[in-house]
Amino acid sequence: MSTYVVPDQNTCNYHPTSINGDNQTHQTDQHHQPSLHETLLATLPKNKGWRSENVFLYKGFWLSSEVIKGLMLIHNHFKPQPTDIFLAAFMKCGTTWLKALMFATANRHRYKFSDHPLLCTGPQSAFPFIDTHIFLDYPVTNFDHLPVPRLFATHFAHGLLPTSMLSTCKFVYVCRDPKDAFVSKWHFMSKLRSKELTPLEFSEAYELFCNGVSEYGPFWDHALGYWKASQESPDKILFLKYEDMKRSPEVELKKLAAFMGMAFTAEEEDEGVVEEIVKLCSFENLSGLTVNQGGGGGQKFTAKVVVENKDFFRKGEVGDWKNYLTEEMKHRIDMITRDKLKDSGLTLGLIK
Ligand code: A3P
């Protein structure tokens, strides 16, 4: 289930290389000695989690216990390469879509669109989500087999990642109106929420979100971190918006390809390659595929948490918040957005 496409084959009968396993990093747990991870967690402020019981405040961001472990491993073991390209996003802002677009763009000379791996694997399998996959193979996942450029996805905030990674690799960041991100996240996390816990009511999730408390949050600090870095180093960080991509997917895809160092040639544009990739990766196309409709595809986050591909597709629209938020709730998020983004030059939703 959590295997990644090794793009050397030309058909859907690709041979995925497993980089996951059920092994855990809890070697010390067997001896009942607190691990470094457990010792750290015990010192951190905690709050209510959306999926699991708690999230922990680590260097200004609310993280689940699993991803704190992942972050520690990234800092200790990940060896960035100058050709690596990261897809970064706050949860529910377009990771699935961008994963498909980046994979299809990077590998456009390897596959035919009619017989493309994305059609039978789904975007989640296109490349690793590093936050948790770093520990799926004990002791640390080996990413050396990935083709160059290696593509990775992360939800970690800019300020949490190792400096070596930030200075070496390129980052594509995708952001979205926080109101839509909130509604999407509540749906998604409600599905994943442990059945041992009481459901997270919409109104409670709203309060938590506004207070910045949700996995990888606060939303606004997350967006601002990447935004400011993209302003300082536009060659290293490309900042995209979900709404722009919905409005002009071809324009945004061309920007993306150029940033990745793989600009479309005039010949490719004449042949309609840009349109083909947009069509392949569209919500309508991907969400309709068997593999994304409960047909066995999914992403393994941890030994216990596996998310089916279908749960990454809901409506794929801009402005669905209108069906969930009262005028007062909308106003409050908009005001937080306005205050947080003040003087940054970043606009989200309709808020400048
Ligand atoms: P909604 O819940 O608003 O429908 P992520 O991929 O970061 O988890 O974000 C998921 C959101 O992106 C969901 O939003 C999902 O429906 C939407 N999405 C998934 N694939 C998409 C695609 N190919 N094009 C546009 N939106 C997509």
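The values are calculated or read from the model by the stated rules, or taken from the named source; none is laboratory data. None of the values given here were measured: they were computed from a predicted structure. Every residue, glycine as well, gets a Cβ built from its backbone with ideal geometry; the counts of neighbours run over all protein chains shown.
The table below gives the values:
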item: Top-ranked residue in the range 91-123 [being of a type in the set (S, T, N, Q) and in contact with a helix residue (DSSP H, G or I) (Cβ under 6 Å, 6 or more places away or on another chain); ranked as nearest to residue 293 (Cα to Cα)]; result: 96
item: Index of the failed condition, residue 122 passing every other in (1) at positive phi; (2) away from the ligand (no atom under 16 Å from the Cβ); result: (2)
item: Those residues of the range 288-298 which are in contact (Cβ under 8 Å) with a residue 12 or more places away in the chain and farther than 24 Å from residue 133 by Cα, in sequence order; result: 289
item: The range 71-100, residues that are more than 13 Å from residue 152 (Cα to Cα) and either in contact with a strand residue (DSSP E or B) (Cβ under 6 Å, 6 or more places away or on another chain) or within 10 Å of the ligand (Cβ to nearest atom) (or both); result: 90, 91, 92, 93, 94, 97
item: Residue satisfying condition, being of a type outside the set (A, V, I, L, M, F, W, C) and within 15 Å of residue 67 (Cα to Cα), within set 162, 139, 123; result: 162
item: Count of residues meeting criterion [in contact with a Ser or Thr (Cβ under 7 Å, 6 or more places away or on another chain) and closer than 18 Å to residue 330 by Cβ] in the range 204-221; result: 2
item: Residue check, residue 63 closer than 28 Å to residue 313 by Cα, away from the ligand (no atom under 16 Å from the Cβ) and of a type outside the set (Gly, Ala, Ser); result: yes
item: Within the range 178-221, considering residues that are among the aliphatic types (A, V, I, L, M) and at pLDDT 95 or above, the one surrounded by the most Cβ atoms within 10 Å (Cβ to Cβ); result: 181
item: Verdict on residue 311 being closer than 26 Å to residue 84 by Cα and among the acidic types (Asp, Glu); result: no
item: Residue selected from the range 229-267 under the condition among the acidic types (Asp, Glu), surrounded by fewer than 20 Cβ atoms within 10 Å (Cβ to Cβ) and part of a helix (DSSP H, G or I), by the criterion farthest from the ligand (Cβ to nearest atom); result: 267
item: Residue 275 more than 12 Å from the ligand (Cβ to nearest atom), free of Cβ contacts under 8 Å to residues at least 12 places away in the same chain and not basic (Lys, Arg); result: no
item: Residue 199 being over 27 Å from residue 161 (Cβ atoms), in contact with a Ser or Thr (Cβ under 8 Å, 6 or more places away or on another chain) and either more than 16 Å from the ligand (Cβ to nearest atom) or not acidic (Asp, Glu) (or both); result: yes
item: Number of positions in the range 281-290 that are within 13 Å of the ligand (Cβ to nearest atom) and more than 19 Å from the chain's Cα centre (by Cα); result: 4
item: Condition check for residue 103: closer than 17 Å to residue 152 by Cα, in contact (Cβ under 8 Å) with a residue 24 or more places away in the chain, within 14 Å of the ligand (Cβ to nearest atom) and among the hydrophobic types (A, V, I, L, M, F, W, C); result: yes
item: Within the range 304-352, considering residues that are within 16 Å of the ligand (Cβ to nearest atom), among the small types (Gly, Ala, Ser) and at pLDDT 95 or above, the one surrounded by the most Cβ atoms within 10 Å (Cβ to Cβ); result: 316
item: Elements of type strands (runs of 3 or more DSSP E) in the range 33-116, at least 1 residues being aliphatic (A, V, I, L, M) and crowded, with 21+ Cβ neighbours inside 10 Å; result: 54-58, 61-63, 85-89
item: Among the residues listed as 131, 137, the single one being touching a residue at least 60 places away in the same chain (Cβ under 8 Å) and assigned to a loop (DSSP other than H, G, I, E, B); result: 137
